[in-house]
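For reference, the structure discussed in these notes is given below.
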Amino acid sequence: MSLATIRETPGLDAYLEELEERLTEAVGAYPGLVAEVGSEALEAGGKRLRPLLVFLAAQPGEAPLAAGVAVELVHMATLVHDDLIDRARYRRGREAAWASHGPEAAKAAGDYLFARAFAELSATGDEAAVRCLADATLSLARGEALQRAQTNDPDTSVDDYLRRCALKTGTLFEAACLLGSGGDRELGAFGLALGIAFQIADDILDCSGETIETGKIAGTDLREGTPTLPLILAAREDELVRAALAGGPLDGALLRVAETGALEAARETARDFARRARSRLDGHLRREELEALADAVVDRES
């Protein structure tokens, strides 16, 4: 089954259509500058992968729309804040919010999107769901703090990198699966492993020069001194890459990452996490769709 086939899952088109309507309503609920900035982030698009997980984790006909809206709003908020922290000027071919509206407006807009996410979920009266998303959001903040601590450190261990991936990416995937399934821990474990695989794949794309999927300019991680798996592995083999990751000259360093074999080694790690994710799906009604999603996450080419 391909990713295109997943999109043909009965009921998915209607769910995603309603999701977009609810996202628009949620972001525009309080007109003003922060809503305008949030609307621009929404219009920039995205794969809506986290709401897709909510849908696929749920029983047919029971996918909670508020959960899909909430996890996507949290994801959008993190992108707005990440671009501000990293001073990344572009996201998905558009100027980042901080670059077009200023740092203060971007910070406020990210906070607004977080608030709107929890407003959507709390309106359901499901306290367990709110706690689940709150835990995931706390993990996102912890992951960002860990990334700051690891910046320009080529000696960052693979285990510490994977812990950061789990916090910054995996926990929101996990939350999407938990919210969709009503708390199925096996599906939560699937989401966590899938999120780690997804982040490793993103980091590979950043090094390989492909930007369509990530929405970033290629080489951003190296320029920012963010120790990702391919950069950590390459730094062990190449002194030029090591020096660049530590904050030194960048000339030629990105090209040499591929020459060390680090990209393929990182890709195999991503595949391993995808296999771990698939191992959690025994007996699930939508096992084929979720397995296909795990494969698609790792084998992105652009």
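Give me the accessible area per residue for the chain, probe 1.4 Å, as a whole number in Å². Numbers along the way, then the final one.
On the way: 13040 Å² over 302 residues.
Roughly 43 Å² per residue, with all protein chains present.
On the protein heavy atoms, probe 1.4 angstrom, tell me the percent of accessible surface of region 102-142 carried by carbon and sulfur.
Of all accessible area on region 102-142, carbon and sulfur atoms account for 59 percent.
With every protein chain kept in the model, how would you rank 90, 30 by accessible area, 1.4 Å probe, largest at the top?
Per-residue accessible area, sorted high to low, gives 30, 90.
At a 1.4 Å probe radius, carbon and sulfur cover how many percent of the accessible area of region 220-299?
Looking at region 220-299 in its full context, I get 45 percent from C and S.
Can you give the charge dipole size of the chain about its Cα centre, rounded to the nearest 20 debye, using +1 on the beta carbon of Lys and Arg and -1 on the beta carbon of Asp and Glu? Write out the running numbers ahead of the final one.
Details: 33 positive and 52 negative charges, 79 e Å.
With Lys and Arg at +1 and Asp and Glu at -1, about 380 debye.
Pick out, from 241, 225, 290, the residue whose Cα sits farthest towards the positive end of the charge dipole of region 224-302, with +1 on the Cβ of Lys and Arg and -1 on the Cβ of Asp and Glu.
It is 290, whose Cα lies furthest towards the positive end.
Go through 168, 107 and list them by solvent-accessible area, largest first, probe radius 1.4 Å.
107, 168
Quickly rank 170-176, 246-252 as a protection proxy: mean count of other C-beta atoms within 10 Å, highest first.
Highest to lowest by the protection proxy: 170-176, 246-252.
Only one of the values (1) 26.3, 112; (2) 18.7, 55; (3) 22.2, 73 was calculated from this structure for Rg and Dmax of the Cα atoms in Å; name its label.
For Rg and Dmax of the Cα atoms in Å, the calculated option is (2).
Determine how large the accessible area of residue 80 is when every protein chain is in place; take a 1.4 Å probe and give Å² rounded to the nearest 10.
We get 10 Å² for residue 80.
The values are calculated or read from the model by the stated rules, or taken from the named source; none is laboratory data. Keep in mind that this is a model prediction, so the values were computed, not measured. Virtual Cβ from ideal backbone geometry, glycine too; neighbours counted across all protein chains shown. Just the protein is used for accessible areas: all its heavy atoms, side chains included, with ligands, DNA and RNA removed. Shrake-Rupley method; radii C 1.70, N 1.55, O 1.52, S 1.80 Å.
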